[in-house]
Structure formats: C-alpha cells, structure tokens
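The values are calculated or read from the model by the stated rules, or taken from the named source; none is laboratory data. Everything quoted here is computed from the prediction, not taken from an experiment. Neighbour counts are summed over all protein chains in view; Cβ atoms, including those assigned to glycine, are modelled from backbone coordinates with ideal geometry.
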Amino acid sequence: MLIGANFRELMREPAVLFWGIIFPILMSIGLGAAFSAKQDVIRKVGIINSNNSLSNDSSTIKKFLLLYTTKEYHANENITYYSYKIKNEKLGNSIFLFQETNWKDAIVALKRGRINVVMEEKNNGILYSFDPSNPDAQLTYIKLTKFFPAQSYISEENTDNIKLLTLEGTRYIDFLIPGLLAMGVMMSSMWGISYTIIERRSKKLLRRLVSTPMKKSYFLISIITVRFAMNFIEAALLFLFAHIAFGIHIQGNIPALITVFLAGNIAFSGLAVFISSNTSKTEIGNALINVVVMPMMILSGIFFSYHNFPDWFIPIIQKFPLTIMADDIRSIFIEGAGFAEIFIHSLLLSITGILFFITGVKFFKWY
C-alpha cells in the first residue's frame, strides 16, 4: 500500500515526470543528432607574413595556399581564411583554416584559443610555434608536417623547426584558470543560492518566516551576501594555487577584475533567485539549475575555445553570462585589459542580475 501511495503521489507531479523522464529523452535526441554524425574537425593556423615573405614566388607556403586552398570570408570574425580540407568518410573531415597575420595578432589569437599553431617561413624552412602542453596543437603540427615534408621532417634528433611557446598567457593553463574562476561563480551561486532556497522551502523552513516582519528582499540579500563572500574566498584560493603552482599572473587592471567579478556575482545571484523563486520540489530545482548550468559550462569556452563551434552559433554563445564573464576575466589576466574593455560587459551583467532579482522577488513564495 505504501509503494502504491508513493507512486500515486509521484503521478500527481507532472513537472517531476517531465524533468525526470521526458527532458533527458529530449536532451539525448538533441545531443545525439549533434554528435552522432561525423563532424568536421576544424584546425586554425596562423601564418606570419614577415617582411612580405608570402609575396615571394618561391615561398613554399604561398605555393601551397595558391594551389590547394580556397579563400573563405568569416563575417563573424571579420577574417579571410585559406581553407584546406582532408576528406575522410570514416573518421570525418579535417579542415585547416590558414590565416595571414603578424606576431602581435598571432599571440592574441593564441591566448584566446582561436589558433593553436603559428607557422613562419624562415631560413628556407618552416618554423612552427605552439604550446608544448597543448595536445591539440601537437596533433595539428604533426598533420601540418605532412603538407611540407621536405622542410619539416622531424625525428628525435631534429627539432630545430619547432619553437616552444611558453610565454605567459599563451599556455593552456593561462586560458583555463580565468574560465574556472568564472565557472566557479556560476556553480557556487546557482547551487549555493538556488538549491539552498528550494531545499528550505521543501522542508517547510521558509514557512516559519512568514509571520516575521522580514521582507523577502532582505532574506534573499542576506543569502546573496554570504555567497558573495564565499565566492571571493574560493576565487582567491584558486588564484593563489595557480600563481604558486603555474606562475599565473594578472597582467591587466586589478580593480577592473574586481568589477567583472562583482558583476558576474550579481548576474548569477539574480538568476539563482529567479530560478528558485517558486518551486518547492528539489527534483525540479535540480533540473532547472542543470538546464542553466550545463549548456553554459559546455559552450561558454571554459575548457576550450567556443570558436570551435559553427560560425552561426558563436554570436549566441557570446551572449551567455558565463561567456561574457569568462572572456572579460581572461582578457584581464592574459591580455592586460582595463576598465575600458570590460565596462560595458560588466554593466550588462549587473543589469541582467538586477532584473532577474526583481522578477524573482515578485514571484517568490515562502511555501
């Protein structure tokens, strides 16, 4: 009888059934359609055109670009690439996009994860520059040597055509740490605020506060304030570890970094309040939090550059709060950005958070 009663109680909660059964099926359909088919692997490579080396008719790189590649203009990045495709019906195609650039722009592109290998024609040979700790860069290099075997043969004894980029800001760890700082704010806010409120409501703990003169906004601001403090402590500890273990430094303006960090906290705190404003079921709360957290964690360029996604999808990704926050923190850490670069984004994040907070307070219920 007890089992039957519990089943009947569950059936009276259609939202639980949707998030527990139907939503995972919908996710599997979407992700299955996106990733089950063979996908083209895109590898972007920078070509240094020093002293107009590509204008020389004897240039090996120039001959390759003219004979085997086609020009493609990517409006989203405002860049013209030389495209070369290696077809493979079993494993999927590999597409190499070559971009003419200079060293200054190449370093910025490397830091942002838009390219991972830089080629330069030098002393009748080709010099490859990349981060040795980046396995994707190493694989790109190995594939590139097949295009120019005479100039780029490598064995254990001959590595003269490789320049290892270990400059601060060009390593993968330099790309990763700012993203982890931003993701930490999102995860801590969504779970530390949303789940706390939903759990207290489900246990009828919030009901006891109805009889008090306390306003909803005061209660929510108190939780947000505690979470703000915890987020700063967690971020400081992560940065301290990265500084000691990997030599990570902040190249840009520290007050600007604090501004971005505060704006990101405001944005995700407001979103957390909005999500937790009405539901009293922890199952639904878990699902709602994951619906927000999971797509941004995968798409927002935390672990790898979101420029690996199709061009039509990138403008959508760039509007995610986590993408904005991660990009701004990364620009301060490894590009030396200041207030001028992050002000508009910080303002947008703050306004977004405040609007979500106001809406969440309006629909907030104690029980």
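List the residue pairs whose Cβ atoms are under 6 Å apart, where the first residue sits in the range 124-140 and is in contact (Cβ under 8 Å) with a residue 60 or more places away in the chain and more than 10 Å from Tyr172 (Cα to Cα), the second is surrounded by fewer than 22 Cβ atoms within 10 Å (Cβ to Cβ) and among the aromatic types (Phe, Trp, Tyr), and the two are 6 or more positions apart or on different chains.
These pairs meet every condition: Ile126/Phe148.
I'm trying to understand the selection: among the residues of the range 226-236, which are of a type in the set (A, V, I, L, M) and under 21 Å from the mean Cα position of the chain (by Cα)?
Initially, the range 226-236 is screened for residues of a type in the set (A, V, I, L, M), giving 226, 229-230, 233, 235-236.
Ala235, Ala236, listed by residue number.
Are any residues in the range 292-325 assigned to a loop (DSSP other than H, G, I, E, B), more than 9 Å from the chain's Cα centre (by Cα) and modelled with pLDDT under 90, and if so, which ones?
If the condition is that a residue be assigned to a loop (DSSP other than H, G, I, E, B), more than 9 Å from the chain's Cα centre (by Cα) and modelled with pLDDT under 90, then Phe309, Pro310, Asp311, Trp312, Phe313 are the ones that fit.
Surrounded by 19 or more Cβ atoms within 10 Å (Cβ to Cβ) and farther than 20 Å from Ile344 by Cα - does that describe any residue in the range 307-317?
Yes, there is a match, as at least one residue in the range 307-317 is surrounded by 19 or more Cβ atoms within 10 Å (Cβ to Cβ) and farther than 20 Å from Ile344 by Cα.
Does Ile289 count as at pLDDT 85 or above, within 20 Å of Met186 (Cα to Cα) and surrounded by 15 or more Cβ atoms within 10 Å (Cβ to Cβ)? Quick ask: steps written out before the conclusion?
Working: at pLDDT 85 or above: yes; within 20 Å of Met186 (Cα to Cα): yes; surrounded by 15 or more Cβ atoms within 10 Å (Cβ to Cβ): yes.
The answer is yes for Ile289.
Restricting to the range 166-197, and then to whatever is at pLDDT 65 or above and under 29 Å from Leu65 (Cα atoms), can you tell me which residue is surrounded by the fewest Cβ atoms within 10 Å (Cβ to Cβ)?
So, considering only residues that are at pLDDT 65 or above and under 29 Å from Leu65 (Cα atoms), the one surrounded by the fewest Cβ atoms within 10 Å (Cβ to Cβ) is Tyr172.
Being out of contact with any Ser or Thr (no Cβ under 6 Å at 6 or more places or on another chain), part of a helix (DSSP H, G or I), small (Gly, Ala, Ser) and under 30 Å from Phe239 (Cβ atoms) is the filter here; which residues of the range 168-223 pass it?
Selection gives Gly179, Ala182, Gly184, Ser188, Gly192, Ser222.
Within the range 153-160, is there a residue that is surrounded by 17 or more Cβ atoms within 10 Å (Cβ to Cβ), in a strand (DSSP E or B), modelled with pLDDT under 85 and not assigned by TED's automatic domain parsing to the domain that holds Ala242? Talk me through it step by step, then tell me what you get.
Going through the range 153-160, the residues surrounded by 17 or more Cβ atoms within 10 Å (Cβ to Cβ) turn out to be none.
No, there is no match, as no residue in the range 153-160 is surrounded by 17 or more Cβ atoms within 10 Å (Cβ to Cβ), in a strand (DSSP E or B), modelled with pLDDT under 85 and not assigned by TED's automatic domain parsing to the domain that holds Ala242.
Of everything in the range 100-131, what is in contact with a Lys or Arg (Cβ under 6 Å, 6 or more places away or on another chain) and either assigned to a helix (DSSP H, G or I) or under 20 Å from Phe64 (Cα atoms) (or both)? Give them in sequence order.
Residues satisfying the conditions are Ile115, Leu127, Ser129.
Within the set of pairs 6 or more residues apart or between chains, which connect a residue that is touching a residue at least 40 places away in the same chain (Cβ under 8 Å) and farther than 13 Å from Ala182 by Cα inside the range 226-249 to a residue that is exposed (fewer than 13 other Cβ atoms within 10 Å of the Cβ) and hydroxyl-bearing (Ser, Thr, Tyr) with Cβ atoms less than 7 Å apart?
As it stands, the answer is none, since no pair meets every condition given.
Go through the range 342-367 and report how many residues are crowded, with 19+ Cβ neighbours inside 10 Å and not β-branched (Val, Ile, Thr).
Filtering the range 342-367 down to residues crowded, with 19+ Cβ neighbours inside 10 Å leaves 342, 345-346, 349, 353, 356-357, 360, 364.
Restricting the remaining residues to those that are not β-branched (Val, Ile, Thr) gives 345-346, 349, 353, 356-357, 360, 364.
Adding up the residues that qualify gives 8.
Take the range 91-110 and flag every residue that is aromatic (Phe, Trp, Tyr) and surrounded by 19 or more Cβ atoms within 10 Å (Cβ to Cβ).
Narrowing the range 91-110 to residues aromatic (Phe, Trp, Tyr): 96, 98, 103.
Answer for the range 91-110, where residues must be aromatic (Phe, Trp, Tyr) and surrounded by 19 or more Cβ atoms within 10 Å (Cβ to Cβ): Phe96, Phe98.
Which residue out of Ala235, Ala245, Ala267, Ala229 is buried (at least 23 other Cβ atoms within 10 Å of the Cβ), aliphatic (A, V, I, L, M) and modelled with pLDDT of 85 or more?
Ala267
Has the range 323-336 got any residue that is touching a residue at least 60 places away in the same chain (Cβ under 8 Å), touching a Gly at 6+ places or on another chain (Cβ under 9 Å) and loosely packed, with under 15 Cβ neighbours inside 10 Å?
Yes; the residues of the range 323-336 include at least one that is touching a residue at least 60 places away in the same chain (Cβ under 8 Å), touching a Gly at 6+ places or on another chain (Cβ under 9 Å) and loosely packed, with under 15 Cβ neighbours inside 10 Å.
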